[in-house]
Amino acid sequence: MAQFDAAWLRRREPFDHAARSIPLTQQMIARLPERSPLRIMDLGCGLGSNYRYLQPRMERASQWILIDHDADLLQHAQELGVSGTFYQWELTHLENLRKLYPVDLITGSALLDLVSAEWVAALVGATGDNNTLFFFTLTYDGRQQWQPAHPLDEWIRVMFHRHMQQDKGLGIALGARAVPTVCQILKNKGFTVHTGDSDWQITPADTPMLTALVTGISLAVQEICPPGQQNRLQTWRRVRKHQMEHQELSLIVGHQDLLAYRERQ
Ligand SMILES: C[S@@+](CC[C@H](N)C(=O)[O-])C[C@H]1O[C@@H](n2cnc3c(N)ncnc32)[C@H](O)[C@@H]1O
């Protein structure tokens, strides 16, 4: 089961909001029906970051349905002023979602790299409404550009991807393969799909974010690293820590936003 720390979700939110693709967001809003209120379903809503980004940009009244399996995150989201109907549900049970259809928009931020291809196919197959838009934002796409580069970056990246592609509760997670895989699933089901870059731009002054990422990536790699290669990890971590302390490190993390819809007849 994938557990996310509220402190981490708060830390990443400003980077997420700065990164999101404005043209794709505008395209999504322009594609929504004229209906008011709109019905919007946010999967894996966490603290409500996706709501905080999208709600002020919606041009009409919206009813939000917010789903997450973590009761603490849902509680925090409500305390942060997120307005909607909350469900503490496991996303494994897609039949629950059907009880809430039809909706105009199914959205989720930072979710697709955690799920499996089978889960995406089941979700799309179960919407039962040709007019539902899908808008999945901030999916990690495998790019990590550390500046300055280090010879062990590529090894770290490959190990990190291997760690991502484990079962996080919704089948074998797509990890860095999520965007092309989901695009193909949606196209096979007759959707038109658009993507837009939503890369994190992390500067040397963003020390808490860099620290969280170096620590998080190192812990993930440590979990799967053979004992004989742990010294590589320690070397990489030590160099990166030194660079962070001297504000010499910056990072771009590649993400993609994805919009999918069926052409109206
Ligand atoms: C990376 S976080 C993103 C949270 C939020 N959308 C954001 O952008 O900050 C992934 C979210 O999915 C939720 N999640 C993961 N697996 C889940 C599952 N099987 N059922 C329900 N929620 C799940 C987590 O609790 C977490 O809130």
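Coordinate-derived values only; no laboratory data. Since we're looking at a predicted model, the values are computed, not measured. Because the Cβ atoms are built from the backbone with ideal geometry, glycine has one as well, and the counts that use them run over all protein chains shown.
Rg and Dmax of the range 25-93, both derived from C-alpha coordinates alone, stand at 12.3, 35 Å. Ranking Leu47, Trp89, Thr25 by how far each Cα lies toward the positive end of the dipole of the chain (charges on Cβ) leaves Thr25 at the top. Once the convex hull of the C-alpha atoms of the range 198-265 is built, how many Å³ does it hold per residue, rounded to a whole number? Here the figure is 112 Å³ per residue.
If R0 equals 45 Å, the separation of the Cβ atoms of Asp153 and Ala122 corresponds to a calculated FRET efficiency of about 0.80.
Extension gain, Leu100-Gln184: 0.36 nm per intervening residue step, less the Cα-Cα distance, totals 27.6 nm. Relative to its Kirkwood radius, the Cα radius of gyration of the range 1-150 gives an Rg/Rh of 0.96. Put simply, the amide H of Ala173, placed in the peptide plane, has neighbours under 5 Å in Gln166, Asp167, Lys168, leaving out anything fewer than 5 places away on its chain. For the chain, hydrophobic long helices are taken as DSSP H runs at least 24 Å long by C-alpha position along their axis with mean Kyte-Doolittle hydropathy of -0.5 or more; these are 207-224. The chymotrypsin sites (Phe, Trp or Tyr not before Pro) of the range 1-74 include none that DSSP puts in a loop with a beta carbon having at most 13 other beta carbons within 10 Å. For the chain, build the charge dipole from Cβ charges (+1 Lys, Arg; -1 Asp, Glu) around the Cα centre, then report which of Thr132, Leu111, Gln230 sits farthest towards its positive end. Going by the Cα projections, it comes out as Thr132. Which of rounded, prolate, oblate describes the range 159-218, given a ≥ b ≥ c as roots of the alpha-carbon gyration tensor eigenvalues and a/c under 1.5 marking rounded, otherwise prolate only if a/b is larger than b/c? Judged from the Cα gyration tensor, the range 159-218 comes out oblate (a/c at least 1.5, b/c at or above a/b).
Within the range 15-62, the trypsin sites (Lys or Arg not before Pro) that combine a DSSP coil assignment with at most 12 other C-beta atoms in a 10 angstrom radius are Arg35, Arg60. The value for the chain of Rg(Cα) / (2.2 N^0.38 Å) is 1.03. Model label sites at Thr85 and Ile224, defined 7 Å from Cα along the beta-carbon direction, differ in position by 3.9 nm.
Sorting 241-249, 68-76 by average packing, meaning the other beta carbons within 10 Å per residue, from highest down gives 68-76, 241-249.
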